[in-house]
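> Let me begin by handing over the structure; questions about it come next.
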């Protein structure tokens, strides 16, 4: 079976990460990314994991994303998976039925992405995958369970200026560079709603209302024809992205 490289950045979720407990049951090498202040707690709870300890504490999500990107590029790792630590399940789809599975879905999705020359990929959200009418959604967002092809995205970086929307911005950068993103609906993940799970970004981003700032900065960088501010029923500030308006000739402020 083809090799896959999996990185799981985690912060303050040593006792409430379903994914880390699940990872212990999988016969797959995974590298856990932790801050220095959290390393001892994680190592005590999960002594058998391989760890990569960040140089600093509280660097933020964009810092961690870029650390993994730069680490893999410097170590000539051609592609990798980056999994959010609050994932609660992985699935494969048969018709409209989703069947719980393991890391084997990442192998299969990776092959799909390679065959379709996808630079940035992800699994689909569970709540959308079951009713999908196509196997892959091209040139849109890639969230939470993400595949990165360094051979096609070498040198691209997540931007701290839009921290909190850095994943959407990164996907947009990939499309603007002339490469393709892809979200496979044949495989899916489940996760709690943004900002609802203790740890991660809840206390440092969502609870502080920083999402509104991130939205405003996305509009500043990409323009209001591509990024349209919205307020969800929950009261969350968010953006609607006009993905089909992004292209390599598109002019923006960056």
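The values are calculated or read from the model by the stated rules, or taken from the named source; none is laboratory data. Bear in mind the structure is a predicted one, so any value in this text is a computation, not a measurement. Virtual Cβ from ideal backbone geometry, glycine too; neighbours counted across all protein chains shown.
> Here are 132, 119: which of them is closer than 26 Å to residue 226 by Cα and out of contact with any helix residue (DSSP H, G or I) (no Cβ under 7 Å at 6 or more places or on another chain)?
Numbers: 119 fails: out of contact with any helix residue (DSSP H, G or I) (no Cβ under 7 Å at 6 or more places or on another chain).
The match here is 132.
> Residue check: is residue 113 touching a residue at least 60 places away in the same chain (Cβ under 8 Å), surrounded by 15 or more Cβ atoms within 10 Å (Cβ to Cβ) and within 24 Å of residue 151 (Cβ to Cβ)? Outline the logic, then answer.
Values: touching a residue at least 60 places away in the same chain (Cβ under 8 Å): yes; surrounded by 15 or more Cβ atoms within 10 Å (Cβ to Cβ): yes; within 24 Å of residue 151 (Cβ to Cβ): yes.
Against the criterion (touching a residue at least 60 places away in the same chain (Cβ under 8 Å), surrounded by 15 or more Cβ atoms within 10 Å (Cβ to Cβ) and within 24 Å of residue 151 (Cβ to Cβ)), residue 113 qualifies.
> Any residue in the range 175-183 that is modelled with pLDDT of 95 or more, over 26 Å from residue 71 (Cα atoms) and assigned to a helix (DSSP H, G or I)? Before you say what the answer is, go through the steps one by one.
At the first step, the residues of the range 175-183 found to be modelled with pLDDT of 95 or more are 175-183.
If we keep only those that are over 26 Å from residue 71 (Cα atoms) as well, we get none.
The answer is no, given that none of the residues of the range 175-183 is modelled with pLDDT of 95 or more, over 26 Å from residue 71 (Cα atoms) and assigned to a helix (DSSP H, G or I).
> Being at pLDDT 95 or above and buried (at least 18 other Cβ atoms within 10 Å of the Cβ) narrows it down to one residue among 154, 189; which is it?
On the way: 154 fails: buried (at least 18 other Cβ atoms within 10 Å of the Cβ).
Every option except 189 fails the conditions.
> List the pairs whose first member sits in the range 163-181 and is at positive phi and in contact (Cβ under 8 Å) with a residue 40 or more places away in the chain, whose second member is surrounded by 18 or more Cβ atoms within 10 Å (Cβ to Cβ) and in a helix (DSSP H, G or I), and whose Cβ atoms are under 8 Å apart, counting only residues at least 6 apart or on separate chains?
Qualifying pairs under 8 Å: 164/61; 164/205; 164/211; 164/214.
> Which residue is surrounded by the fewest Cβ atoms within 10 Å (Cβ to Cβ), if the candidates are limited to the range 59-89 and must be in a loop (DSSP other than H, G, I, E, B) and free of Cβ contacts under 8 Å to residues at least 40 places away in the same chain?
Kept after step one, since they are in a loop (DSSP other than H, G, I, E, B), are these residues of the range 59-89: 59-60, 75-78, 84-88.
If we keep only those that are free of Cβ contacts under 8 Å to residues at least 40 places away in the same chain too, we end up with 59, 75-76.
Values: 59: 15, 75: 10, 76: 7.
Here the answer is 76.
> Modelled with pLDDT of 95 or more, more than 20 Å from residue 19 (Cα to Cα), in a loop (DSSP other than H, G, I, E, B) and touching a strand residue (DSSP E or B) at 6+ places or on another chain (Cβ under 7 Å): is that true of residue 140 in this structure?
On the way: modelled with pLDDT of 95 or more: yes; more than 20 Å from residue 19 (Cα to Cα): yes; in a loop (DSSP other than H, G, I, E, B): yes; touching a strand residue (DSSP E or B) at 6+ places or on another chain (Cβ under 7 Å): yes.
Here the answer is yes, as residue 140 does meet what is asked.
> For the subset of the range 220-254 comprising residues that are in contact with a strand residue (DSSP E or B) (Cβ under 7 Å, 6 or more places away or on another chain), crowded, with 16+ Cβ neighbours inside 10 Å and modelled with pLDDT of 90 or more, which member is farthest from residue 171 (Cα to Cα)?
That would be 238.
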